[in-house]
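Asker: My questions all concern the structure below.
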Amino acid sequence: MNDSSWGAPQGAGYRGAPEMGVAPAGPAYDAHEAQQTRPMPNVPDDPDAGRDAQSRANRDGDAAHVGGPLFRDEMPQEPMSTPLPSPPQKKRAGRDLRAAIGVGVGLGAVIVASLFIVKAVFVGVIALAVVVGLWELTSRLQEQKGIKAPLIPLAVGGAAMVVAGYARGAEGAWVAMALTALAVLVWRMTEPPDGYLKDVTAGVFAAFYVPFLATFVAMMLTADDGHWRVLVFLVLTVVSDTGAYAVGWRYGTHKLAPRISPGKTREGLLGAVSFAMVAGALCMEFLIDGGAWWQGLLLGLAVAVSATLGDLGESMIKRDLGIKDMGTLLPGHGGIMDRLDSLLPTAPVFWLLLVLFVGSG
């Protein structure tokens, strides 16, 4: 049926009288109609029969091939695929463990060598660590907060504080601390008064936080078995950190202080306490003159708690400053201050307990 027959009336009266310009029936019209019209094929009521007819037409070439299915129910049914569950993601450490282990072993070798060869050399190692730590802390304060704590009097006074603690004990350390604070106040007077209060406050805080607390390590060294005391102090602190990391990484689910350090967990704290108490009992029994295993248990507990608090304390400082690490000097560790964070507050606690348990020696 071509386009000219669309809309033509159909029915019994099609060949009747002409209406509205319709040509009358006749031989000429019939011949013209025979040339212009073709009979409509009968469409069966059964859809399947229609599909069979269409298939035969396609096979015989009477109809053009149409790509794709003609009916919705002829769409190929793809099997339902259930997505495979993704494999569990392994927990990853936040740092490069290879670099961290390598740097840790190297630092340990330097510390042990200086500790057991010449005590004065180890005092120099402490003083050097203090100066670098002060440089990192004051640099971050100025970069992030605009606080200008004077580095030169802090560095000179900090190194002198460590030496005074080794040579004169606690009395020498306190005198050096007071002189360092006074030097900070006077040094800052050479600059304009804007920000004076916050600068000197930060300077006095830095003098107490880094060199004064480090002085207690130098005071441990003055005992006859001082090298063993310092070694036990370092071992217990490292074991506490290792226990917290290992247990927290594997089993940690309950956050310890999420607003301060989201990575620390209560399970990690229990791991730190357990590891440190076992190590403390062994070290006090076999390495410290006059020590007992039960003293080591208490010592390990105190070290684990103070080391954790020290770590949280520096995390609080770094969070306030908006930084991840205090420096980049030690690959895999950050800066010197990132390694001293648990050692510094633990030093006076360890020193005091040893004096109570076995004396100043």
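The values are calculated or read from the model by the stated rules, or taken from the named source; none is laboratory data. No experiment lies behind these values; they were computed from the predicted model shown. Here the Cβ positions follow ideal geometry from the backbone for every residue, glycine too, while neighbour counts run over all protein chains shown.
Asker: Scan segment 203-248 for residues that are in contact with a Lys or Arg (Cβ under 8 Å, 6 or more places away or on another chain) and under 16 Å from residue 180 (Cβ atoms) and jot them down.
Answerer: Correct list: 203 only.
Asker: Restricting to segment 131-147, what's the tally of residues that are of a type outside the set (Ser, Thr, Tyr) and surrounded by 21 or more Cβ atoms within 10 Å (Cβ to Cβ)?
Answerer: Qualifying residue count, segment 131-147: 6.
Asker: Of a type in the set (Val, Ile, Thr) and within 32 Å of the chain's Cα centre (by Cα), is that true of residue 210?
Answerer: yes
Each row is one residue, and each column tells you yes or no for (1) among the β-branched types (Val, Ile, Thr); (2) at pLDDT 95 or above; (3) in the same structural domain as residue 237 (by TED's automatic domain parsing).
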residue	(1), (2), (3)
280	no, yes, yes
283	no, yes, yes
308	yes, yes, yes
317	yes, yes, yes
328	yes, no, yes
354	no, yes, yes
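Asker: Something else: Are any of the residues in segment 223-238 of a type in the set (Lys, Arg) and surrounded by fewer than 20 Cβ atoms within 10 Å (Cβ to Cβ)?
Answerer: Looking for residues that are of a type in the set (Lys, Arg) and surrounded by fewer than 20 Cβ atoms within 10 Å (Cβ to Cβ), one finds none in segment 223-238, hence no.
Asker: So the check is Cβ under 7 Å with 6+ separation or different chains; which pairs have a first residue in segment 140-167 that's under 11 Å from residue 212 (Cα atoms) and a second one that's among the aromatic types (Phe, Trp, Tyr) and assigned to a helix (DSSP H, G or I)?
Answerer: Final answer for the pair search is 161/212.
Asker: Cβ-Cβ under 6 Å, sequence separation 6+ or interchain: first residue in segment 187-199 and under 21 Å from residue 139 (Cβ atoms), partner surrounded by 14 or more Cβ atoms within 10 Å (Cβ to Cβ) and acidic (Asp, Glu). Which pairs?
Answerer: Partner pairs satisfying both residue conditions: 188/199.
Table: residues versus (1) closer than 19 Å to residue 246 by Cβ; (2) more than 28 Å from the chain's Cα centre (by Cα); (3) at pLDDT below 80; (4) outside the structural domain of residue 264 (by TED's automatic domain parsing).
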site	(1), (2), (3), (4)
78	no, yes, yes, yes
87	no, no, yes, yes
95	yes, no, yes, yes
100	yes, no, yes, yes
105	yes, no, no, yes
